[in-house]
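Accompanying notes for the structure given below.
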Amino acid sequence: GLVVVVAVGAVALAVNASASRHLEDYVTEGMRGRAAALAPTLESYYAAQGSWSGIAQYLMPGPMMGRGMGAMRMHGNPLTSLGGIVLADADGHVLLDSTTNGDLDALSPRALEVAEPLTVGDEVVGYVMIGSGPQEALLEENLGRSILYAGLAAGAVAIALGFVLTRTVVQPLQVVAEGARRIGRGDLDHRVAVTARDEIGDLARQFNEMAAALERQEQSRQALTADVAHELRTPLAVIRAQVEALQDGVFEFSPESVAPIHDQVLLLGRLVDDLRTLALAEAGQLPLECAETDPAALAERVAAAFGPRARDVGVDLGVDAPADLPPLHADAQRLEQILGNLLANAIRHTPAGGRVHLRVADEGQRLAFRVEDSGSGIPPDELPRIFDRFYRADPARANANGSTGLGLSIAKKLVEAHGGEITVESVVGAGSTFTVRLPKA
């Protein structure tokens, strides 16, 4: 508010100074014009008298006005409308001053520049100045008053606009700024109120979306920390128990007694590798070495790698991949990891005597990889969480078969990194189908 008042005051002063300067020029020109009109009469008087003696009686109005006054009336320019006459001799000494001040002794250099010189022959015999009349004075007074009123009105409007601006812009921005400070202090569930539908409202909505994203990331970080701690607890407990048993002499040191420790160390290594892969994928920093890839050959290769594992648990593993499938532009190693995670998950949840099938089909713009199993299936309420980190449909199996609980999460992130999608369909008691769709080369 103070800044606005000062700015308006400065503008009003500048306008007043400029207007006063122009008005002064206008009045000066008027004075020169009237003095020039009176000059011939005064020059004639001096030429006739040879001096300025008696000039006051010659010019002063009254019942016995002189010929000079009569001549001026004839020109329609009576003395009473002139605003006063100042007459000086050739040296600038004032001879007559009928202005309101009436106390001039000599004309200043500035006044001599404005005064009209009076000449007889080639000799300057005096100077005449005519002051501004009542009209000019009234004009100057009205102009100053108008500028004052305009400045006051502009100040009032500026203050009103400043108040409106504060309510509509400054205050909402202050609310957003306070929200940012609270977010910075860790209050991630804080949101700012959104009422406007303008740019400030858009800013507030974007701020709330940012805060929500930060809150989700923080919740995800906390969940990951808790999940990792939980997943590490079991293998570390097994290792600790086995080592203490060896130290206490419960078991003799042998390959058989060390084997559980070795298995848990391998599990911890896989867990660390999977966590690193998942972190890179979620950050969009997972390097992909994409090249033209034969999907049929890739499917056959992955199925062959998992054949022994399927036979060990009595599961029939089949593959259906036509040889004429179009190529993919993808990272073959990552695709093998995707299909390997899906096959490992299917074999793990399929009982002995069941079947797992890997199929590859052309769907026009995309290729589809389907991993079908005849396992126990996934309950409908569990499907939305199937790709979450460390999620297991059967918690009783946690770490029992060497799974880190990250396979499906990694598969999903790797598929998305290739610009594809992964979906799941399941019927409890009948099995599940995981489908990966990737764009063609």
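The values are calculated or read from the model by the stated rules, or taken from the named source; none is laboratory data. This one's a predicted model, so the numbers in the text were calculated from it and none came from an experiment. Heads up, the Cβs are rebuilt from the backbone with ideal geometry, glycines too, and the neighbour counts pull from every protein chain shown.
Brief remarks on what is shown
- Screening ALA361, ALA344, ALA305, ALA310 for residues that are among the aliphatic types (A, V, I, L, M), within 26 Å of TYR391 (Cβ to Cβ) and touching a Phe, Trp or Tyr at 6+ places or on another chain (Cβ under 9 Å) leaves exactly one candidate, ALA344.
- Among the residues listed as ASP320, ASP312, ASP316, the single one being more than 17 Å from VAL360 (Cβ to Cβ), acidic (Asp, Glu), surrounded by fewer than 15 Cβ atoms within 10 Å (Cβ to Cβ) and in contact with a strand residue (DSSP E or B) (Cβ under 7 Å, 6 or more places away or on another chain): ASP316
- Top-ranked residue of segment 106-134 - restricted to ones that are in contact with a helix residue (DSSP H, G or I) (Cβ under 8 Å, 6 or more places away or on another chain) and part of a helix (DSSP H, G or I), ranked as modelled with the highest pLDDT: VAL114
- Just one of (1) surrounded by 13 or more Cβ atoms within 10 Å (Cβ to Cβ); (2) under 24 Å from ASN341 (Cβ atoms); (3) of a type in the set (Gly, Ala, Ser) fails for ALA226. It is (1).
- Subset of segment 340-354 that is in a loop (DSSP other than H, G, I, E, B) and among the small types (Gly, Ala, Ser) - its residue that is nearest to LEU317 (Cα to Cα): GLY354
- Matching residues, segment 329-372, being charged (D, E, K, R) and modelled with pLDDT under 95: ASP331, ARG334, GLU336, ARG348, ASP362, GLU363, ARG366
- The residues on offer are ALA204, ALA180, ALA223, ALA213, and the sole one that is touching a residue at least 40 places away in the same chain (Cβ under 8 Å), small (Gly, Ala, Ser) and in a helix (DSSP H, G or I) is ALA223.
- Residue check for ARG185: among the basic types (Lys, Arg), over 16 Å from the mean Cα position of the chain (by Cα) and more than 21 Å from ALA279 (Cα to Cα): yes
- Restricting segment 371-392 to residues that are hydrophobic (A, V, I, L, M, F, W, C) and in a loop (DSSP other than H, G, I, E, B), the residue that is nearest to LEU335 (Cα to Cα) is PHE387.
- Summed over segment 267-298, the residues that are free of Cβ contacts under 8 Å to residues at least 60 places away in the same chain, assigned to a helix (DSSP H, G or I) and out of contact with any helix residue (DSSP H, G or I) (no Cβ under 7 Å at 6 or more places or on another chain) give a count of 7.
- Hits in segment 385-429 - residues which are at pLDDT 90 or above, over 39 Å from the mean Cα position of the chain (by Cα) and surrounded by fewer than 20 Cβ atoms within 10 Å (Cβ to Cβ): VAL424, GLU425, VAL427, VAL428
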